[in-house]
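Chemist: Once you've had a glance at the structure underneath, I'll fire off some questions.
Only the coordinates and a few stated rules stand behind these numbers; no lab work does. Source: prediction; values computed, not measured. All Cβ positions, glycine included, derive from the backbone under ideal geometry; neighbour counts span all protein chains shown.
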Number of protein chains: 6
Amino acid sequence: MPDQPSPAQQILGGFAPKLVELTDDVLFGDVWERHELSKRDRSLVTVAALVALNRMEQLPGHLRRAIDNGVHEDELVEEITHLAFYAGWPAAISAITIARKLFEPS
Amino acid sequence: MPDQPSPAQQILGGFAPKLVELTDDVLFGDVWERHELSKRDRSLVTVAALVALNRMEQLPGHLRRAIDNGVHEDELVEEITHLAFYAGWPAAISAITIARKLFEPS
Amino acid sequence: MPDQPSPAQQILGGFAPKLVELTDDVLFGDVWERHELSKRDRSLVTVAALVALNRMEQLPGHLRRAIDNGVHEDELVEEITHLAFYAGWPAAISAITIARKLFEPS
Amino acid sequence: MPDQPSPAQQILGGFAPKLVELTDDVLFGDVWERHELSKRDRSLVTVAALVALNRMEQLPGHLRRAIDNGVHEDELVEEITHLAFYAGWPAAISAITIARKLFEPS
Amino acid sequence: MPDQPSPAQQILGGFAPKLVELTDDVLFGDVWERHELSKRDRSLVTVAALVALNRMEQLPGHLRRAIDNGVHEDELVEEITHLAFYAGWPAAISAITIARKLFEPS
Amino acid sequence: MPDQPSPAQQILGGFAPKLVELTDDVLFGDVWERHELSKRDRSLVTVAALVALNRMEQLPGHLRRAIDNGVHEDELVEEITHLAFYAGWPAAISAITIARKLFEPS
């Protein structure tokens with residue numbers, strides 16, 4: 001499927017082509033694919049960075065990706081609980097609220 | 001070995017007893033011991049939070065703990081490489097420099 | 001009233017029970033209740049941390065709590081003005097906008 | 001036009017007069033007007049600080065100001081692409097999304 | 001004593017005169033002197049911002065200033081303990097270590 | 001001069017080869033060389049990001065690079081003064097202290 005544009009290309013391809021190229025070719029096409037760290041571990045690490053930095057806009061996408069990469073939902077809840085101590089309660093509460101909306105839509 | 005003071009107690013026990021108690025009894029005695037997330041995963045997550053937040057003082061201790069918890073040295077190097085994209089290059093370069101000093105002392 | 005669930009329990013109790021327990025029993029049930037620092041001082045400190053870290057989601061709740069703990073509205077406005085110099089103007093402007101919506105609803 | 005209230009005065013003048021005075025008289029009235037750094041450079045620097053700190057609420061206003069100060073739209077896109085490496089991908093993606101909404105309203 | 005240079009002037013006066021002027025005349029000469037918030041409260045707030053932002057270089061000076069402004073040493077220890085939950089453990093541990101060196105020099 | 005190892009290669013080449021490759025080939029070899037933003041502007045932007053994020057370890061190298069790229073020393077001092085308002089005073093004071101040591105070695 002090389003002809004199908006990536007999500008980044010679809011949204012930002014015409015506006016920020018270099019950022020899209022770096023995202024698709026370097027970050028996802030190269031770094032995420034390396035075998036030195038499993039995709040499951042990369043997802044745990046990425047979610048931790050997003051929570052620690054309070055980057056909540058990117059969290060839903062990476063929580064879904066974490067599930068796809070084999071992290072269980074209750075492991076993600078526990079990861080956020082663990083991160084409360086390292087990133088602080090406010091970031092953890094914002095993150096767990098997003099996770100609940102994603103995993104337990106009312 | 002309940003009679004032996006923890007590292008936190010030895011350094012800070014007389015000065016900040018409540019913070020030591022919370023560190024020893026809640027963070028390490030309770031949260032880190034929970035089975036909902038493996039210690040190896042908790043180490044990956046903690047290292048990611050420290051790098052993302054640029055908390056370099058705590059990094060050597062948690063890199064060593066990560067090794068004790070079964071993360072390989074080359075996985076930690078790859079984790080920091082991966083984090084360059086999420087936490088930014090400067091934090092990753094500071095972290096990899098600390099990791100090198102720890103793992104490859106000249 | 002021990003039978004009445006806490007706000008955290010109501011919202012997150014079934015989804016993240018450990019984080020709720022830590023929030024209710026350790027953070028609010030133990031730390032906030034300690035006499036080594038008054039609740040008024042804890043509110044000033046908590047608001048400062050939220051503004052400094054740009055954690056705006058938690059700010060309305062803690063501004064209300066600060067009022068309940070005896071901080072005056074004009075002291076909170078002055079705190080945010082003071083914090084402009086330490087946390088930077090953008091966080092202060094976001095915070096003062098939230099405070100105005102809370103204290104001066106149009 | 002000294003009789004016309006500034007945007008900060010209009011929104012926050014009655015609620016946080018000292019913060020408005022510092023914003024209007026010191027930050028914009030004094031610092032931004034100094035010739036030691038051009039307004040174009042100050043805009044580049046301010047946008048970089050906002051992206052690095054993930055202060056997205058203030059970004060649209062300062063992107064518009066950057067255009068007024070002579071930064072081209074494609075320079076701002078490239079600045080955000082450059083900042084992906086220093087501030088991390090998540091802040092850059094949030095920023096580029098805001099820039100696209102501003103410059104390419106659908 | 002208007003003839004005596006301020007600490008900022010002595011260290012940075014010739015190199016960054018505008019930053020020194022803003023520090024001396026606006027931040028300390030105007031904002032810190034305002035009666036809308038007591039100096040003791042300003043010290044609590046400033047220490048909280050420094051811990052939350054992990055700005056450890058400025059912490060010793062502001063811990064000393066806090067003591068001068070009437071905050072007790074054990075209140076500062078409790079403030080840092082409280083902040084562990086909002087700023088995260090790593091910043092709190094770095095801060096408490098600095099406070100111990102200041103208040104309990106070996 | 002393709003045979004001469006880069007500074008990153010010399011220090012980290014054997015320990016973190018992928019991070020070095022990304023630094024040399026993508027960040028410096030590709031992004032910094034793009035004409036969409038001048039090197040002088042990239043230096044202003046990079047210094048702003050480092051100050052805003054309090055990444056002081058990387059600041060001396062990028063201040064020197066800024067000078068090489070045509071930013072004047074007094075523009076850098078003014079940039080840091082400007083950033084005091086956006087990144088907060090503590091980061092600006094740490095940065096100006098580093099700049100003074102670099103530009104005015106006693």
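Chemist: Would you mind listing the distances between the residue B:35 label point and the same position in each other copy? Use 7 Å along Cα-to-C-beta, nm, one decimal, shortest first.
Modeler: Label-point separations across copies, in nm and ascending: 3.3, 4.2, 6.4, 6.4, 7.4.
Chemist: Let me ask something else. Which net charge results for the neighbourhood of residue C:65, defined as the other residues with beta-carbon distances under 11 angstrom from its beta-carbon, given Lys and Arg at +1 and Asp and Glu at -1?
Modeler: Cβ neighbours under 11 Å give a net charge of +3.
Chemist: Which one of D:85, D:28, D:15 has the biggest mean-square fluctuation once chain D is modelled by GNM with Cα springs under 10 Å?
Modeler: Of D:85, D:28, D:15, the Gaussian network model singles out D:15 as fluctuating most.
Chemist: For residue B:103 paired with residue F:67, estimate the spin-label separation in nm (one decimal), with each label point 7 Å from Cα along the Cα-to-Cβ line.
Modeler: 3.5 nm
Chemist: Mind checking which of B:37, B:19, B:50 has the largest fluctuation in a GNM of chain B, springs on alpha carbons under 10 Å?
Modeler: Answer for the Gaussian network model of chain B: B:19.
Chemist: Across the residues of E:30-39, average count of Cβ atoms on other protein chains within 10 Å?
Modeler: Counting other chains' Cβ atoms within 10 Å and averaging over E:30-39 gives 4.
Chemist: Using a/c under 1.5 as the rounded threshold, could you call region D:16-73 rounded, prolate or oblate? The axes a ≥ b ≥ c are square roots of the C-alpha gyration tensor eigenvalues, and prolate needs a/b larger than b/c, oblate otherwise.
Modeler: In terms of gyration-tensor shape, oblate.
Chemist: Still on this structure, please answer the following. One decimal, nm, shortest first: give the distances between the label point of residue B:103 and those of the same position in the other copies, each label point 7 Å from Cα along Cα→Cβ.
Modeler: Nearest to farthest, the other copies are at 3.0, 3.9, 3.9, 3.9, 5.1 nm.
Chemist: How much net charge surrounds residue F:97 when only other residues with a Cβ under 12 Å from its Cβ are counted (Lys, Arg +1; Asp, Glu -1)?
Modeler: Net charge in that neighbourhood comes out at 0.
Chemist: Tell me, what is the percent relative contact order of chain A, built from C-alpha pairs under 8 Å that lie six or more residues apart?
Modeler: For chain A, the relative contact order is 22 percent.
Chemist: For the rotation that brings chain A onto chain D, whose beta-carbon in chain A is nearest the axis, and what is that distance in whole angstrom?
Modeler: A:54, 4
Chemist: Taking 4 °C and 1.567 mPa s as the conditions, I'd like the Stokes-Einstein D for the protein assembly as shown in µm²/s, using the Kirkwood hydrodynamic radius from alpha carbon pairs.
Modeler: Calculated translational D: 51 µm²/s.
Chemist: Along the charge dipole of region D:3-51, which of D:8, D:46, D:23 sits closest to the positive end, that is, farthest toward it, with unit charges on the beta carbon of Lys, Arg, Asp and Glu (+1, +1, -1, -1)?
Modeler: The residue sitting farthest along the positive end of the dipole is D:46.
Chemist: With springs only between Cα atoms under 10 Å, which of D:93, D:80, D:11 fluctuates most in a Gaussian network model of chain D?
Modeler: Fluctuation is largest for D:11.
Chemist: Hey, another quick one. When you look at the Cβ of every residue in A:8-20, what mean number of other chain Cβ atoms sits within 10 Å?
Modeler: Mean partner shielding for this stretch: 5.
Chemist: Tell me, how many Å apart are the Cα centres for region A:1-67 and for region B:1-54?
Modeler: Measuring centre to centre over Cα atoms gives 31 Å.
Chemist: For label points placed 7 Å from Cα toward Cβ, what is the shortest-first list of nm distances from residue D:9 to its copies?
Modeler: Ordered by distance, the counterparts are at 3.2, 5.3, 5.3, 6.1, 6.3 nm.
Chemist: Hey, another quick one. If you put +1 on each Lys and Arg Cβ and -1 on each Asp and Glu Cβ, how big is the dipole of chain C around its Cα centre, in Debye rounded to 20?
Modeler: Roughly 280 debye for chain C.
Chemist: Let me ask another. Share of Cα-Cα pairs in chain E beyond 21 Å, in percent?
Modeler: For chain E, the fraction of Cα-Cα distances above 21 Å is 42 percent.
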